[in-house]
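Participant: Take a look at this one; I'll ask things after.
Quick note: the coordinates plus some simple rules give every number you see, no bench work behind them. Keep in mind it's a predicted model, so treat the numbers as computed, not measured. Note: ideal-geometry Cβ built from the backbone for every residue, glycine included; neighbour counts use all protein chains shown.
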Amino acid sequence: MSLRIATFNVENLFTRPLAMDADRVPGGQAAIDHQAELNRIISKTIYDASDKARLIALDEVYRFSALNPPRDALVQLNKVRGQLYSRSQAGIVTVVADGRADWTGWFFLLTTDITWEATFNTARVIAEVNADIQVCIEVENRPTLLRFNEQVLDAKFNKAYPHVMVLDGNDERGIDVGIMSRYPIRSIRSHVDDRNGNGERTFSRDCPEYLIDLPGGSELLVLPNHFKSKRGGNSPSMQERRRAQADRAHAIAKDGLAVTPLVLIAGDLNDTPNTPLFASLWQDGFVDVRDHPSYPTDRPGTFDTGTAANKIDYLIMSPALRQRLTGTGIERRGSFHPHIWVPFDTVTKKADEASDHHLVWGDYSI
């Protein structure tokens with residue numbers, strides 16, 4: 001039988017943090033950084049003077065302590081119990097909580113709706129390729145992926161998947177990794193709690209293991225992944241995080257060979273194949289689909305304009321799975337670059353595109 005597997009960074013299906021829309025919000029990266037910093041500070045058992053000073057400084061930017069905080073602020077405060085801030089009648093702001101136990105709440109990024117055109121075109125890309133197993137990167141959660149599967153893929157293209165799964169990961173912004181399959185998912189294992197040498201959680205989202213039953217009695221182990229991005233720069237700490245993620249993902253994949261010889265790491269790894277950070281990924285005979293002669297060589301990239309520097313989405317196969325690879329390709333028509341390739345007729349402008357990423361697929365003889 002022929003089996004098609006694909007991966008696609010859909011960049012959210014129905015809602016997305018507004019700060020992540022670089023075209024609409026040039027200063028969005030600062031908000032993303034601030035939200036992460038704020039949540040790090042408030043997670044502390046005790047807030048020292050420098051913590052409180054920073055909380056007050058960021059309150060001046062986003063006005064969390066205002067009686068009616070601005071609804072369009074990119075970072076919002078959700079307060080459930082107790083008080084973090086106090087504002088006097090004279091407008092003087094203080095931090096009244098001395099630590100995590102004094103109040104309950106968190107900071108979150110303001111979200112915005114994805115346009116119907118973009119959501120439709122995301123489904124069109126997936127339906128056009130019609131993979132048997134579709135890995136989805138940057139999906140909000142399982143109910144959202146189910147809604148997309150039923151109300152868009154099925155209702156508009158008659159291409160629904162019977163098995164849909166997303167495990168909530170470590171990212172608070174609602175950009176998880178998920179999977180849709182035409183074959184049953186036998187077992188699921190999460191790695192959200194894996195820790196690296198610094199004691200921090202290894203994976204930005206998760207590296208879930210999905211063991212899928214294939215016709216004929218064989219099994220496929222799929223590891224969807226989304227490594228640390230270069231958004232906001234590519235600091236040594238970001239690079240080291242991706243290295244740790246690559247090392248651990250490969251170790252999990254290698255352990256998976258004890259269950260089945262057919263193992264796949266799939267997703268957006270946010271770096272190019274030749275980076276030294278990914279050296280471990282190519283050990284023990286694992287290779288990406290770019291190893292196959294059918295893989296496009298003129299534009300091997302999977303993001304933006306498809307240049308080699310934009311090759312960041314992968315289907316990395318165990319040796320036995322590589323032996324079964326018969327063909328591969330990249331579906332770019334959901335991305336709007338009409339001066340380079342002809343997009344779908346429903347992708348008429350940047351705002352209509354399915355994603356900045358392109359879908360990567362591979363065909364296997366199982």
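Participant: Ranked by Cβ crowding within 10 angstrom, fewest neighbours first, how are TRP116, TRP106 ordered? Kindly include the intermediate steps, with their values, before the conclusion.
Facilitator: On the way: TRP116 11, TRP106 15.
In order of increasing Cβ crowding within 10 Å: TRP116, TRP106.
Participant: Moving on. Tell me, what HN-Hα J-couplings in whole Hz come from the Karplus equation 6.51 cos²θ - 1.76 cosθ + 1.60 at θ = phi - 60° for each residue of the range 170-185, using x for Gly and Pro?
Facilitator: 8, 8, 7, 8, x, 10, 9, 10, x, 8, 10, 9, 8, 10, x, 8
Participant: Normalised by the number of residues in the chain, what is the relative contact order in percent for Cα pairs under 8 Å and 6+ residues apart?
Facilitator: Relative contact order here is 18 percent.
Participant: Right, another one. If you build a Gaussian network model of the chain, linking Cα atoms that sit under 10 Å apart, which residue out of THR144, THR115, THR275 swings the most?
Facilitator: Per the Cα network of the chain with a 10 Å cutoff, THR275 tops the list.
Participant: Given Cα pairs under 8 Å that are at least 6 residues apart, what percent is the relative contact order of the range 187-264?
Facilitator: It comes to 27 percent, rounded to a whole number.
Participant: To the nearest µm²/s, what D does Stokes-Einstein give for the range 21-75 at 20 °C and 1.002 mPa s, using the Kirkwood radius over alpha carbon pairs as Rh? Before the final figure, lay out the partial values.
Facilitator: On the way: Rh = 12.3 Å.
The estimated diffusion coefficient comes to 175 µm²/s.
Participant: Mind checking which of ARG81, ARG324, ARG332 has the largest fluctuation in a GNM of the chain, springs on alpha carbons under 10 Å?
Facilitator: ARG81
Participant: Under a 5 Å amide H to amide H cut-off, with H placed in plane at 1.01 Å, what residues pair with VAL192 once short-range neighbours are removed?
Facilitator: Result for VAL192 returns CYS207.
Participant: Calculate log10 I(q)/I(0) of the range 232-306 for q = 0.21 Å⁻¹, where I(q) comes from the Debye formula with a single equal point scatterer on each Cα and nothing for solvent.
Facilitator: The Debye formula, applied to the Cα set alone, gives -1.07.
Participant: Whole-Å semi-axes of the range 56-210's equivalent ellipsoid, largest first, each the root of 5 times a Cα gyration tensor eigenvalue?
Facilitator: Numbers: eigenvalues 312, 91, 25 Å².
They are 40, 21, 11 Å, listed from largest to smallest.
Participant: Calculate the translational D of the range 179-288 in whole µm² s⁻¹ from Stokes-Einstein, where the hydrodynamic radius comes from the Kirkwood formula applied to all Cα pairs, the temperature is 37 °C and the viscosity 0.692 mPa s.
Facilitator: 225
Participant: Top mean-square fluctuation among ALA309, ALA258, ALA118, Gaussian network model of the chain, C-alpha springs under 10 Å?
Facilitator: In this elastic network of the chain, the residue with the biggest mean-square fluctuation among ALA309, ALA258, ALA118 is ALA258.
Participant: Direction-averaged shadow area of the convex hull around the Cα atoms of the range 1-145, nm²? Kindly include the intermediate steps, with their values, before the conclusion.
Facilitator: Working: hull surface 46.5 nm².
Mean projected area for the range 1-145: 11.6 nm², to one decimal.
Participant: For a quick check: sort TRP361, TRP103, TRP341 by the number of other beta carbons within 10 angstrom, fewest at the front.
Facilitator: Numbers: TRP361 20, TRP103 17, TRP341 14.
Ascending Cβ contact count within 10 Å gives the list TRP341, TRP103, TRP361.
Participant: Reported to two decimal places, what Rg/Rh ratio describes the chain when computed on Cα atoms with Rh from the Kirkwood expression? Before the final figure, lay out each step's value.
Facilitator: Numbers: Rg = 21.8 Å, Rh = 21.8 Å.
Here Rg/Rh amounts to 1.00.
Participant: A further question follows. Provide HIS226, HIS337 in ascending order of the number of other Cβ atoms located within 10 Å of each residue's Cβ, fewest first.
Facilitator: Numbers: HIS226 25, HIS337 18.
In order of increasing Cβ crowding within 10 Å: HIS337, HIS226.
Participant: For the range 28-111, state what percent of all Cα-Cα pairs lands in each successive 10 Å bin, counting from 0 Å until the bin that includes the largest distance.
Facilitator: 18, 57, 25, 1
Participant: Evaluated at 10 °C with a viscosity of 1.306 mPa s, what Stokes-Einstein diffusion coefficient in µm²/s does the range 266-333 have when Rh comes from the Kirkwood expression over alpha-carbon pairs?
Facilitator: 128
Participant: Next question. Take the Cβ-Cβ distance between ARG186 and ILE92 as r, set R0 to 56 Å, and report the resulting FRET efficiency rounded to the nearest 0.05.
Facilitator: With R0 = 56 Å, the Cβ-Cβ based efficiency is 0.40.
Participant: Just name one of ASN68, GLY91, ILE56: the one whose Cα is farthest towards the positive end of the charge dipole of the range 28-111 (beta-carbon charges, Lys/Arg +1, Asp/Glu -1).
Facilitator: ASN68
Participant: Let me know the charge dipole size of the chain about its Cα centre in debye, to the nearest 20, where only the beta-carbon of Lys, Arg (+1) and Asp, Glu (-1) is charged. Show your work: numbers first, answer last.
Facilitator: Values: 42 positive and 48 negative charges, 58 e Å.
Charge dipole of the chain: 280 debye, to the nearest 20.
Participant: Further question on the same structure: What span do the alpha-carbon atoms of the range 120-229 cover on each of the three principal axes, reported in whole Å from largest to smallest?
Facilitator: Computed over the Cα atoms, the extents are 47, 35, 20 Å.
Participant: I've got another one for you. Specify the inter-centroid distance of the range 29-62 and the range 283-306, based on alpha-carbon positions, in whole Å.
Facilitator: Value for the Cα centre distance between the two parts: 41 Å.
Participant: Answer rounded, prolate or oblate for the range 182-239, using the Cα gyration tensor with square roots of eigenvalues a ≥ b ≥ c: rounded when a/c is under 1.5, else prolate when a/b is larger than b/c, else oblate. Write down the numbers at each step before the final one.
Facilitator: Working: a/c = 4.20, a/b = 2.39, b/c = 1.75.
It comes out prolate by the Cα gyration axes.
Participant: Enumerate the calculated ³J(HN,Hα) couplings along the range 49-66 in order (Karplus 6.51 cos²θ - 1.76 cosθ + 1.60, θ = phi - 60°), each rounded to whole Hz, writing x wherever the residue is Gly or Pro.
Facilitator: 4, 5, 4, 5, 5, 5, 4, 6, 4, 6, 5, 5, 7, 10, 6, 4, 7, 5
Participant: Spelling out what I want: for every residue of the range 5-18, take phi, set θ = phi - 60°, compute 6.51 cos²θ - 1.76 cosθ + 1.60 (Karplus), and round to whole Hz; glycine and proline get x.
Facilitator: Rounded to whole hertz, the list is 10, 9, 10, 8, 7, 7, 6, 6, 9, 10, 9, 8, x, 4.
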